[in-house]
1. Which of (1) in contact (Cβ under 8 Å) with a residue 12 or more places away in the chain; (2) under 25 Å from the mean Cα position of the chain (by Cα) does Tyr126 not meet, given it meets every other one?
2. Determine the pairs where a residue that is under 21 Å from Ala184 (Cα atoms), located within region 52-75, has a partner that is of a type in the set (S, T, N, Q) and in a strand (DSSP E or B) with Cβ atoms under 7 Å apart, the partner being 6 or more residues away or on another chain.
3. Could you please let me know if Glu125 is of a type in the set (D, E, K, R), closer than 24 Å to Met158 by Cβ and either part of a helix (DSSP H, G or I) or modelled with pLDDT under 95 (or both)?
4. Here is a check on your reading of the model: is Leu207 hydrophobic (A, V, I, L, M, F, W, C), surrounded by fewer than 12 Cβ atoms within 10 Å (Cβ to Cβ), within 28 Å of Arg75 (Cβ to Cβ) and more than 14 Å from the chain's Cα centre (by Cα)?
5. Give the residues of region 67-78 that are outside any strand (DSSP E or B) and surrounded by 15 or more Cβ atoms within 10 Å (Cβ to Cβ), sorted by residue number.
6. Would region 138-149 turn up any residue that is outside any helix (DSSP H, G or I), over 30 Å from Leu238 (Cβ atoms) and among the aliphatic types (A, V, I, L, M)?
7. Go through region 174-200 and count every residue that is assigned to a loop (DSSP other than H, G, I, E, B) and either surrounded by 13 or more Cβ atoms within 10 Å (Cβ to Cβ) or acidic (Asp, Glu) (or both).
8. For the list (1) closer than 30 Å to Gly80 by Cβ; (2) hydroxyl-bearing (Ser, Thr, Tyr); (3) at pLDDT 95 or above; (4) more than 14 Å from the chain's Cα centre (by Cα), I need the number of the one condition that Thr229 fails.
Amino acid sequence: MNRVERIVVHVLLGVLLIAVFADRPFPGTTADAEPSRAEEVLGPADGLVLLRNGDEIEVSAPGNGLAWGKQPTARSWSLGAVDVPRLMGTLMDSERFADDRKALQEEAEAQNRDFEERFEAFRDEYGELTPEDPEFPTAQGTWQAMMQEYQDWQKGTMAIQQKLGAEQVETAYRELVEAVDIVAEREGVEIVIRFVPVSDPFETDDLDLASDQVRRRLLLRYPDAIDLTSRVETELGL
């Protein structure tokens, strides 16, 4: 090989080496180099097959959670919780509900005063009668009729108040559920349960009511992140 051919070969080898090593980091430059994606994550992949007792379990990510089978229940669900008793109490105490109850109560009190005036007028007229008085049977019948009328009125008034209360509770509950749906959809939460914070005071000296407070506290320990109460409260405008 003559001198010219050796020069050409050396040049070609140099070009080849430059091409091979141009994209490779040199020793000593690793401190500034970014780690490869393989060192950070595994995947991406559409699924992952695990072995359990010799059986294959395919893990996938449909929707918001992870699934480990074909059954619709074999998957994880995002969870939230709402202090329903507190929000229901706030709703029921709101002006639009309280005003209707107040109006009904004021009407009942006015009607009760009418009965009291009738009773007082009867006592003024017949209060001195004795069983021996000829007018006693008539007065007794009048009194019994008035009392029966009063008792019927009390039952009717109580029924009206109970009906109004039941209607308001259902209305408040429907509004609460609607607000929960909006918040859950926005937050990507699939299951929302009702709960009472374990830190809430019982505020009762009655044994039955204290026991009921225990029963209402479904969760004994939970992360604060699942509590959606304040966000639902804001959605309700409370």
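1. Unmet condition: (2).
2. Close Cβ pairs (under 7 Å, with a partner that is of a type in the set (S, T, N, Q) and in a strand (DSSP E or B)) amount to Ala67/Ser60.
3. Here the answer is no, as Glu125 does not meet what is asked.
4. no
5. Correct list: Trp68, Ser78.
6. As a first pass, look at region 138-149 and keep what is outside any helix (DSSP H, G or I): none.
No, because not a single residue in region 138-149 is outside any helix (DSSP H, G or I), over 30 Å from Leu238 (Cβ atoms) and among the aliphatic types (A, V, I, L, M).
7. Taking region 174-200 and keeping what is assigned to a loop (DSSP other than H, G, I, E, B), we get 188-190, 195-200.
Narrowing further to those that are either surrounded by 13 or more Cβ atoms within 10 Å (Cβ to Cβ) or acidic (Asp, Glu) (or both): 189-190, 195-197, 200.
Number of matching residues: 6.
8. Evaluating Thr229 over (1) closer than 30 Å to Gly80 by Cβ; (2) hydroxyl-bearing (Ser, Thr, Tyr); (3) at pLDDT 95 or above; (4) more than 14 Å from the chain's Cα centre (by Cα) leaves (4) as the failure.
The values are calculated or read from the model by the stated rules, or taken from the named source; none is laboratory data. Everything numeric here is computed off the predicted structure, so don't read it as measured data. Positions of Cβ are generated from backbone atoms using ideal geometry, with glycine treated the same way; all protein chains shown enter the neighbour counts.
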